[in-house]
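Enquirer: I'd like to ask some things about the structure below.
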Amino acid sequence: MNIPARQPAPLTDAPDAHEPPRTTATSIALLGLGPMGSALGHALLRDGHDVTVWNRTAARTAPLQAEGAVAATSVADAITASPVTLICLRDSAAVEDLLGRHPDAIRGRAIINLSSSTPDEARRIGQHVTANGGAYLDGAVMVPTPLVGHDDALVIFSGDRTVLDQYRPQLASLAGRLDWLGDDPGLAAVHDLGMLDLYLTGMAGFLHAAALVQAEGVRLDQFLPYAIAITDVLRDTLAPLADEVGARHYPGDEDTTEMELRVAEHILGASGAKGVGLAVPRLVHDLLADAIASGYGASGFASIYEQFAAPTPTP
Ligand SMILES: NC(=O)c1ccc[n+]([C@@H]2O[C@H](COP(=O)([O-])OP(=O)(O)OC[C@H]3O[C@@H](n4cnc5c(N)ncnc54)[C@H](OP(=O)(O)O)[C@@H]3O)[C@@H](O)[C@H]2O)c1
C-alpha cells in the first residue's frame, strides 16, 4: 500500500480541513462512544493523551469530557483535530457512511478502524481512505471492555504497518499486546471473526449445558468447575484438530464420529426429557450424522470439517 503522506498534512494543504483545536505528539481522535469506544477513551485519557471525541448521540461524550476529552461538534472537526483517528462504531455500514461523507478530512490523516467488519468490508474502507490520501490500519479489540487498557489485553491489526509504528504511544494505552498480522487490511477482520466464531459457539454450548444441568437440579456453581475443566481439554484439542484439518485426514484412532453421535443423542435425549431447547446439540448431532452418511463413520470428529470447507480456489 503506497500512502503518499505519512505525517499529517499541514493544515494549509488541506483546503477543507478545519483548524484543529490542538495537535500534540500523542493526540488522538475517537469516533464512536458505545461501550467499547468509551472504554478506549478512558484508557487513552488515563495515560494522559489529548483525546478529541465525537459521537452521533452527543450526550454520550459527557463522561469522557469530564475526564478531559474535548468534544468535537462534527466528524470533520474530530478527524482534523489530530493526526490519527480511532473509529469504533457498530458496523462497517456506519463507518462507510461516516467516512464517505467526509473524504476531504481524511487527507494526510491516519485512520484506525476498530469496528467489527468482514474482511472485504475492511478492504473497501481501506481503499476509500487511501484513495482520499489517508493511511489505513484495520483492527479488532479481542477483549471485553473491562480489560481494555490492561497488560494482557490484545488488539490485532492489519493494513498500513507504519500507522501502528507511528502511533504506538497512543495504541499502547489500549492493550499490552498489539499484534500486526500483515499488509492486507482484511486480515485483522478474518482473525477477529475466526476467534469470535469459536467464542460465540463455545458460549452457546456453555449456555445450553447450563440449562441442561439446572433442569436436572444441579446448581450452576457446582457445575462451573467442570465446565472450566472441559474447556481446558478443548484448548488442548485445537492443535491436533488443526493437524488433521491441515492433512485433510481424520484417522479416528482415538475417537470416531459413530461414538460421538451416541453422545450427541444422549445430550438431545436428556435435554428433550426436561424440555430444554435443542438447537445447539441438534446442530452437532446433524453434523455428525451427515459425516457418517458421507462415509466418515470410522473417522474422527475433525471429519465434520469436510462439511465446512470452501471449494479450493482455482488458480
Ligand atoms: N463491547 C464489546 O465488548 C466489544 C468487544 C470487542 C469489539 N467490539 C466492537 O466494537 C464496536 C463498537 O461496539 P460497542 O460495544 O461500543 O457498541 P455498539 O452498539 O456495537 O456500537 C455503538 C456505537 O456505534 C455508533 N453507531 C451505530 N450506528 C451508527 C451510525 N449509523 N452512524 C454513526 N454512529 C453509529 C453508536 O452511536 P450512538 O451512540 O449515537 O448510537 C455508538 O457510538 C463494534 O464493532 C463491536 O463489534 C465490542
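Condition check ((1) in contact with a strand residue (DSSP E or B) (Cβ under 7 Å, 6 or more places away or on another chain); (2) of a type in the set (Phe, Trp, Tyr); (3) within 16 Å of the ligand (Cβ to nearest atom)) across all residues:
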site: Gly149; (1), (2), (3): no, no, yes
site: Asp184; (1), (2), (3): yes, no, no
site: Gly202; (1), (2), (3): no, no, yes
site: His208; (1), (2), (3): no, no, no
site: Ala239; (1), (2), (3): no, no, no
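Enquirer: Looking at the structure I just gave you, is Leu154 touching a Lys or Arg at 6+ places or on another chain (Cβ under 7 Å), within 20 Å of Met195 (Cα to Cα) and within 16 Å of the ligand (Cβ to nearest atom)?
Expert: On the way: touching a Lys or Arg at 6+ places or on another chain (Cβ under 7 Å): yes; within 20 Å of Met195 (Cα to Cα): yes; within 16 Å of the ligand (Cβ to nearest atom): yes.
Yes: the conditions hold for Leu154.
Enquirer: Restricting attention to region 100-129, report how many residues are in a helix (DSSP H, G or I) and polar (S, T, N, Q).
Expert: 1
Enquirer: Restricting attention to region 200-246, which residues are assigned to a helix (DSSP H, G or I) and small (Gly, Ala, Ser)?
Expert: Gly202, Ala204, Gly205, Ala209, Ala210, Ala211, Ala215, Ala227, Ala229, Ala239, Ala242, Gly246
Enquirer: While we're on this one: (1) surrounded by fewer than 20 Cβ atoms within 10 Å (Cβ to Cβ); (2) among the hydrophobic types (A, V, I, L, M, F, W, C); (3) in a loop (DSSP other than H, G, I, E, B): which one isn't true of Leu178, the others all being true?
Expert: (3)
Enquirer: So is Val276 crowded, with 17+ Cβ neighbours inside 10 Å and over 15 Å from Thr237 (Cβ atoms) or not?
Expert: Against the criterion (crowded, with 17+ Cβ neighbours inside 10 Å and over 15 Å from Thr237 (Cβ atoms)), Val276 qualifies.
Enquirer: Follow-up. Can you work out which of the residues in region 129-144 that are over 18 Å from Leu187 (Cβ atoms) and not polar (S, T, N, Q) is nearest to the chain's Cα centre (by Cα)?
Expert: Result: Val143.
Enquirer: Still on this model: Name the one entry in Asp243, Asp221 that is out of contact with any strand residue (DSSP E or B) (no Cβ under 9 Å at 6 or more places or on another chain), of a type outside the set (S, T, N, Q), free of Cβ contacts under 8 Å to residues at least 40 places away in the same chain and farther than 30 Å from Glu306 by Cα.
Expert: Within the list Asp243, Asp221, the selection yields Asp221.
Enquirer: Suppose we filter Leu171, Leu147 for residues that are more than 13 Å from the chain's Cα centre (by Cα), closer than 18 Å to Leu40 by Cα and in contact (Cβ under 8 Å) with a residue 40 or more places away in the chain; which single one remains?
Expert: Of the residues listed, the single one that is more than 13 Å from the chain's Cα centre (by Cα), closer than 18 Å to Leu40 by Cα and in contact (Cβ under 8 Å) with a residue 40 or more places away in the chain is Leu171.
Enquirer: Here is a follow-up. Quick one: count up the residues across region 287-315 that are surrounded by fewer than 14 Cβ atoms within 10 Å (Cβ to Cβ) and within 16 Å of Glu258 (Cα to Cα).
Expert: Summing the residues that are surrounded by fewer than 14 Cβ atoms within 10 Å (Cβ to Cβ) and within 16 Å of Glu258 (Cα to Cα) in region 287-315 gives 2.
Enquirer: Hey, any hits in region 166-175 for a residue that's within 16 Å of the ligand (Cβ to nearest atom) and out of contact with any strand residue (DSSP E or B) (no Cβ under 7 Å at 6 or more places or on another chain)?
Expert: no
Enquirer: Let me ask another. I'm checking my understanding of the structure. Among residues of region 154-175 that are among the aliphatic types (A, V, I, L, M) and part of a helix (DSSP H, G or I), which one is surrounded by the fewest Cβ atoms within 10 Å (Cβ to Cβ)?
Expert: Leu164
Enquirer: Which members of region 283-301 meet the condition of being outside any helix (DSSP H, G or I) and free of Cβ contacts under 8 Å to residues at least 12 places away in the same chain?
Expert: Listed by number, the list is empty, since nothing qualifies.
Enquirer: Let me ask something additional. For region 93-129, enumerate the residues that are within 14 Å of the ligand (Cβ to nearest atom) and more than 23 Å from Thr73 (Cα to Cα).
Expert: Across region 93-129, the qualifying residues are Ser116, Ser117, Thr118, Glu121, Ala122, Ile125.
Enquirer: Which residue is nearest to the ligand (Cβ to nearest atom), if the candidates are limited to region 39-71 and must be small (Gly, Ala, Ser) and in contact (Cβ under 8 Å) with a residue 60 or more places away in the chain?
Expert: Ranking the qualifying residues of region 39-71, first place goes to Ala39.
Enquirer: Follow-up question, since we're still on this one. Take the residues in region 51-96 that are of a type in the set (D, E, K, R) and within 21 Å of the chain's Cα centre (by Cα), then tell me which one is surrounded by the most Cβ atoms within 10 Å (Cβ to Cβ). If you could, list the steps in order and put the result at the bottom.
Expert: Taking region 51-96 and keeping what is of a type in the set (D, E, K, R), we get 56, 60, 67, 77, 90-91, 96.
Still in the list and also within 21 Å of the chain's Cα centre (by Cα): 90-91, 96.
On the way: Arg90: 13, Asp91: 12, Glu96: 16.
Among those residues, the one meeting the criterion is Glu96.
Laboratory data are not the source of any read-out in this text; all were calculated from the coordinates shown. Worth saying up front: this structure is predicted, and the values here are computed from it rather than measured. Note that each Cβ is placed from the backbone with ideal geometry, even for glycine, and that neighbours are counted across all protein chains shown.
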